[in-house]
Each structure stands twice: as C-alpha cells, then as structure tokens.
1. Report Tyr162's accessible area, 1.4 Å probe, all protein chains in place, as a number in Å² to the nearest 10.
2. What's the magnitude of the charge dipole for the chain around its Cα centre, counting Lys and Arg as +1 and Asp and Glu as -1 at the beta-carbon? Answer in Debye, nearest 20.
3. Residue separation times 0.36 nm, minus the C-alpha to C-alpha distance between Arg278 and Ser96: what's the value?
4. Which percentage, to the nearest 5, of the DSSP beta bridges contained in the chain is antiparallel?
5. Among all stretches of the chain without exposed GluC sites (Glu not before Pro) (DSSP loop, at most 15 other Cβ atoms within 10 Å), which one is longest?
6. Enter the angle in degrees (range 0 to 90, nearest 10) between the Cα long axis of helix 148-162 and the first principal axis of the Cα atoms of the chain, meaning the one along which they spread out most.
7. Roughly speaking, what is the centre-to-centre gap between segment 1-63 and segment 239-259 when only Cα atoms are used, to the nearest Å?
8. With n ≥ 4 as the cut-off for DSSP H runs, can you work out [θ] at 222 nm for the chain, using -39500 (n - 2.57) per run divided by the number of residues, rounded to the nearest 500?
Amino acid sequence: MRAAVLREHGEPLDVTDVPEPELDSDGVVVDVEACGICRSDWHAWMGHGEWADDAVEPGQILGHEPAGRVVAVGERVETIREGDRVALPFNLACGSCGYCRIGHGNVCTGDHPHALGFEQTAQGAFAEQVHLPSAEYNAIRLPDGVASRDVAALGCRFMTAYNALDARAGLRAGEWVAVHGCGGVGLSAIQVANALGARVVAVDVRESALDVAAELGADELVDASAEDPVAAIRGVTDGGADVSVDALGVAETCRNSVRCVRPRGTHVQVGLTTDAERGEVSLPTDWMTRHEVSFVGARGMPPTSASDLLSLLESDAVDPGSLVTKTVSLDEVPERLAAMTDYDTVGVEVMTM
C-alpha cells in the first residue's frame with residue numbers, strides 16, 4: 001500500500017509503497033477514506049517533543065485523525081464486522097487498565113501503544129490502510145449518513161475541544177470562554193462552546209482566522225496583533241472569562257490565557273509547545289493562587305465518551321465539515337504539512353482517498 005513516511009525531521013514526507021498493516025487478534029484493519037492534517041502532525045514532522053521523551057522517530061507513518069471502513073477483523077473481536085464504518089481515536093487505549101475501566105482511556109497506562117501515528121508500534125493513517133488495536137474499546141462506530149471527510153475533521157480537534165470544555169473545565173451554559181488561537185482545535189472549541197450554551201471570545205493575530213471564528217459563532221473577536229488580549233477579554237466579559245483555552249501552545253498565548261480568566265476561573269492547556277518553550281512555560285503562580293485560578297490539561301478524548309460528541313454531530317449542534325477549507329490527496333500531504341510552518345493554512349485540511 002502507499003503511505004506518507006517520515007524520513008528526516010523537517011524534510012518532505014516520503015510517499016511510497018510500504019507493507020500492509022498486520023492484523024492483531026484483538027484489532028481491525030481499516031481502509032482509510034479520509035484523515036485530517038493536524039498541527040500535531042506538524043510537531044511530529046518537525047521533531048518536537050524530545051524534551052518530554054516524545055519525539056517521533058524516522059520511519060513513522062504520520063496521520064492520526066482517520067475515518068474509514070473495516071476490511072479485516074481479528075479473531076477475538078466480536079462486535080465489529082467487515083464493512084463497518086469507524087473513526088479511530090489518536091489516543092489508543094488498552095481497554096483494561098485502571099484508567100480505561102473508569103472511562104479515562106485517553107490517559108491509558110496499560111502495556112499498549114498510546115498515540116496513533118506517533119509511535120513505531122502504532123503506524124498512522126496517511127496511508128491506504130491503518131490498524132486499530134483493542135478495537136472493541138477503541139473503535140468509534142459512525143452513524144449512517146455521516147461523511148468520512150467530516151469525521152476526519154472531527155478528529156482529535158473536536159474530541160480534544162469537547163473533552164477540554166465539558167469534562168476538564170466543566171463549562172456551563174451562559175459562561176464566557178476565551179479561545180486563544182483559531183486554528184483547527186480553536187475553531188472546534190468555538191463550535192463546542194456554542195453547543196454547550198456558552199459565549200465565546202475568539203483571539204488570533206490573523207484576520208482570516210478571526211473571520212472564520214465569527215462565521216462559526218464567536219460572540220466577540222480580539223486581534224492580538226492590535227490590542228492587549230488580556231485587557232480586551234476582561235473588558236468584553238466584565239471581569240474575565242470563566243474558562244480560557246490555549247489552543248496554540250506558545251508561551252505568550254498560554255500566559256495570556258491564564259491571565260484573562262476571572263477569579264476561580266479555569267485555564268485549559270490544549271496546544272503543545274514548540275522548541276522555543278521545550279515543554280515549559282513560566283506562569284504567574286502567586287496571582288493564580290490568590291485568585292484560585294485552575295490550570296488543567298486536556299489530551300484527546302476517551303473513546304467511551306465518543307457517543308456524547310457524536311450526538312452533537314447528529315443533531316447538527318456541531319458541524320466539523322464547516323471547518324474543512326481544503327481536501328487533498330495523499331501525494332499532497334507533504335506540501336500541506338509544510339505549509340503549517342508559516343501558519344499558511346486556515347481551518348481544517350483533510351486528506352481523502
């Protein structure tokens with residue numbers, strides 16, 4: 001089969017022939033119909049993450065937001081059949097460790113590869129086929145009539161945004177949410193916040209990104225290149241956001257996100273850092289203590305929570321397809337990944353087969 005393989009960090013992915021994935025007894029093989037192109041793929045391509053022992057090694061097939069159709073089923077898999085349409089979470093889980101058993105498979109600690117498209121034992125989905133281990137636990141069965149392209153846009157972005165706002169921040173209707181960085185996950189957070197009944201302040205330095213944020217329902221827009229975003233957010237929310245999300249992962253947006261919340265507010269860290277921060281950002285801890293500000297992280301979403309997000313999709317409360325600005329072929333993936341270096345993408349780009 002053909003796949004896009006990382007050969008050297010920062011150099012174009014090699015679209016070439018590779019062996020088809022091997023089927024485990026508890027897994028399934030999926031024909032990839034669509035796969036989102038995510039900034040996390042860009043981080044992997046650039047070689048970021050060594051500061052957290054998380055750098056992706058050469059030889060990796062990237063791609064972690066796939067949807068497709070099952071074409072082979074392991075002998076121990078009972079409830080999934082050939083022909084079923086599924087999405088794959090990037091945070092693969094073993095299904096049996098303590099965290100998995102209580103519904104937190106996104107932080108699985110079992111003896112299992114954890115990150116689709118980021119580990120040699122979990123080759124990714126910029127490919128014609130992909131293998132899904134522990135399929136009974138990990139497979140996300142898709143409703144009839146939902147396009148694979150739209151599910152790929154749902155990908156880790158909406159999953160992470162939903163987990164961040166609903167489970168981690170406990171967002172409630174009527175509260176204010178500030179979203180710093182209106183890329184794929186930031187725009188997803190705007191839609192999820194609207195679906196949960198919250199009000200949204202969108203922050204970015206790009207006019208094009210803010211225009212999309214407005215189209216998706218942001219109540220207020222802040223151009224951080226023209227004004228102090230912390231002061232602007234405090235002004236429009238009458239004292240600060242109840243919840244703020246750093247969807248970019250640079251030191252400035254992280255600190256701005258923390259600083260813009262009201263007393264007892266919650267900052268959620270979603271964006272991963274670059275080699276400028278190397279995984280660490282200094283924070284105003286005394287100020288956070290005085291105002292009882294919470295700092296929480298959010299990584300993907302447990303597969304067991306997928307039905308909640310899919311119900312929002314089926315009811316049209318969220319529309320991941322509206323974020324798709326470009327569909328590309330497998331051969332075009334290397335170029336589109338490189339375009340993220342200078343933030344030369346808007347919305348979500350999806351590879352389709």
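The values are calculated or read from the model by the stated rules, or taken from the named source; none is laboratory data. Keep in mind that what you see is a predicted model, and the values were worked out from it rather than measured. FYI the Cβ positions are ideal-geometry reconstructions off the backbone, even for glycines, and counts take in every protein chain you see. Note: accessible area is taken over every heavy atom of the protein model, side chains too, but ligands, DNA and RNA are not part of it. Shrake-Rupley method; radii C 1.70, N 1.55, O 1.52, S 1.80 Å.
1. 20 Å²
2. Details: 25 positive and 56 negative charges, 225 e Å.
Around 1080 debye, computed over the chain.
3. Numbers: separation 182, 0.36 × 182 = 65.52 nm, distance 3.26 nm.
Extra length available between Arg278 and Ser96 comes to 62.3 nm.
4. The antiparallel proportion sits near 50 percent.
5. Numbers: sites that count: Glu8, Glu22, Glu75, Glu78, Glu82, Glu227, Glu280, Glu292.
For GluC sites (Glu not before Pro) (loop position, at most 15 other Cβ atoms within 10 Å), the longest site-free span of the chain is 83-226.
6. Its long axis makes an angle of about 50 degrees.
7. Each part's Cα centre sits 30 Å from the other's.
8. On the way: 11 runs with 91 residues, N = 353.
Only helices count here, giving -7000 deg cm²/dmol.
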